[in-house]
Amino acid sequence: MAQRGSQLVLGVDPDPAALWPAVDRSGREETEELEAALQPGARAVLAHCRALIDAAAEACVAVKLQLASFEALGVQGRAVLGAVAAHARRLGLLVIADGKRGDIDVSARAYASSLFAGLDTPLGRFEGLGADGATVNPLMGRDAIAPFLVAARAEGAGVLLLVRTSNPGAADVEDLLLADGDALWERLAAIVAELGEPGIGDSGLSDVGAVMGATEPVHLQRARELMPAAVFLLPGIGAQGGAVEELAPAFSPGAAGGLITASRSIAGAHRAHGGPPAQAARAEAERLRAAAWTLAQGAVA
């Protein structure tokens, strides 16, 4: 089962060219009918994702499913995505859908239905992914965010708005100065705080969080000032160069204030450190979990 004291999120973004070799599917009772309907390549991706989650689950609190990696599989990708999400939930993990969606209200409602509860229509019900959280692009403004927030709150889920992302090109737009002297990302942070105010729970944290790239920790102190109740999703650890030890401001509201996400550094740990893939992934996940827990405890001490 997942570590209840963990701040680690396992990123699942399968690359068909870098799957674990010889994944053992023996003894599984789940979704045999689905597997039989999948193409061999899709079955291999599903087996890889399940094995990766099995290996790292005890060190994690959630999985972050990179929707693009599943959509790249074509029509069978959605079935694989649903099966991977279901497997993570069986192991007690939260599911974050990382699609960075954002569009006008009609399209946003459709995206939100797909990610959360699904859609009732005259043709019957279409089930959604049932995510516990989803990343949302806020650049089109509050009206484009609102459908995601309505759908998430109806299911007791949350949204994570892009604020200051981990990619190098983030500076091209997100760091631009506005007329009032604030950076664009600071304006986005203010929107997070505003929309999240009604969703602050007993923990003091809101159901509207922020994606804050771990590759630019210099922004975290200011971000925390602007978004005191937001959960920070912190991508960029490992392969992108971010370091857990530099993320302390994210945890100032409490140990649950930050979620550190790692993908390739866990899935590819056997290539970096040797050993069987599952064993290496488990060791790397546990190392990151321990580092994050130590940092979180120090930040709130």
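The values are calculated or read from the model by the stated rules, or taken from the named source; none is laboratory data. Remember, predicted model here, so these are calculated numbers, not experimental data. In this analysis, Cβ positions are derived from the backbone assuming ideal geometry, glycine residues included, and neighbour counts consider all displayed protein chains. All accessible areas refer to the heavy atoms of the entire protein, side chains included, with ligands and DNA or RNA removed. Shrake-Rupley method; radii C 1.70, N 1.55, O 1.52, S 1.80 Å.
Look at VAL163 and say whether it is free of Cβ contacts under 8 Å to residues at least 60 places away in the same chain, in contact with a helix residue (DSSP H, G or I) (Cβ under 8 Å, 6 or more places away or on another chain) and either β-branched (Val, Ile, Thr) or on the phi > 0 side of the Ramachandran plot (or both).
Considered against the rule, which asks whether it is free of Cβ contacts under 8 Å to residues at least 60 places away in the same chain, in contact with a helix residue (DSSP H, G or I) (Cβ under 8 Å, 6 or more places away or on another chain) and either β-branched (Val, Ile, Thr) or on the phi > 0 side of the Ramachandran plot (or both), VAL163 comes out as no.
Counting just the residues of the stretch 227-248 that are surrounded by fewer than 20 Cβ atoms within 10 Å (Cβ to Cβ) and under 18 Å from LEU160 (Cβ atoms), which one comes out farthest from the chain's Cα centre (by Cα)?
Across the stretch 227-248, the extreme among qualifying residues is PRO228.
Considering only the stretch 210-219, state which residues are open to solvent by 40 Å² or more (accessible area, probe 1.4 Å) and either at pLDDT 95 or above or hydrophobic (A, V, I, L, M, F, W, C) (or both).
Listed by number, the list holds a single entry, VAL218.
Name the one entry in ARG101, ARG142, ARG78 that is among the basic types (Lys, Arg) and either over 24 Å from ALA42 (Cβ atoms) or open to solvent by less than 10 Å² (accessible area, probe 1.4 Å) (or both).
Answer to the selection: ARG142.
Answer with yes or no whether ARG282 is among the basic types (Lys, Arg), open to solvent by 30 Å² or more (accessible area, probe 1.4 Å), at pLDDT 95 or above and more than 18 Å from SER166 (Cα to Cα).
So ARG282 passes the test.
Can you say whether ARG271 is closer than 30 Å to LEU149 by Cβ, assigned to a helix (DSSP H, G or I) and not acidic (Asp, Glu), as far as the supplied structure shows?
Numbers: closer than 30 Å to LEU149 by Cβ: no; assigned to a helix (DSSP H, G or I): yes; not acidic (Asp, Glu): yes.
Here the answer is no, as ARG271 does not meet what is asked.
Is there a residue in the stretch 38-60 that is within 18 Å of the chain's Cα centre (by Cα) and not in a helix (DSSP H, G or I)?
yes
Please pick out the residue among ASP207, ASP120 that is at pLDDT below 95 and of a type in the set (D, E, K, R).
Just one listed residue meets the conditions, ASP120.
Could you check the stretch 34-72 and list, in sequence order, the residues that are more than 20 Å from VAL95 (Cα to Cα), of a type in the set (A, V, I, L, M, F, W, C) and crowded, with 17+ Cβ neighbours inside 10 Å?
LEU34, LEU38, ALA42, ALA44, listed by residue number.
Any residue at all in the stretch 184-204 that's among the polar types (S, T, N, Q) and surrounded by 14 or more Cβ atoms within 10 Å (Cβ to Cβ)?
no
Restricting to the stretch 103-129, name every residue that is at negative phi and of a type in the set (Gly, Ala, Ser).
SER107, ALA108, ALA110, ALA112, SER113, SER114, ALA117, GLY128
Residues ASP105, ASP132: which one is under 24 Å from SER166 (Cβ atoms), in contact (Cβ under 8 Å) with a residue 40 or more places away in the chain and among the charged types (D, E, K, R)?
ASP132
Within the stretch 272-279, can one find any residue that is aliphatic (A, V, I, L, M), open to solvent by less than 20 Å² (accessible area, probe 1.4 Å) and touching a helix residue (DSSP H, G or I) at 6+ places or on another chain (Cβ under 6 Å)?
no
Return the pair list, or none, for Cβ contacts closer than 7 Å from residues in the stretch 13-26 that are closer than 23 Å to GLY236 by Cβ and in a loop (DSSP other than H, G, I, E, B) to residues that are open to solvent by 40 Å² or more (accessible area, probe 1.4 Å) and modelled with pLDDT of 95 or more, at least 6 apart or on different chains.
ASP13/GLN66
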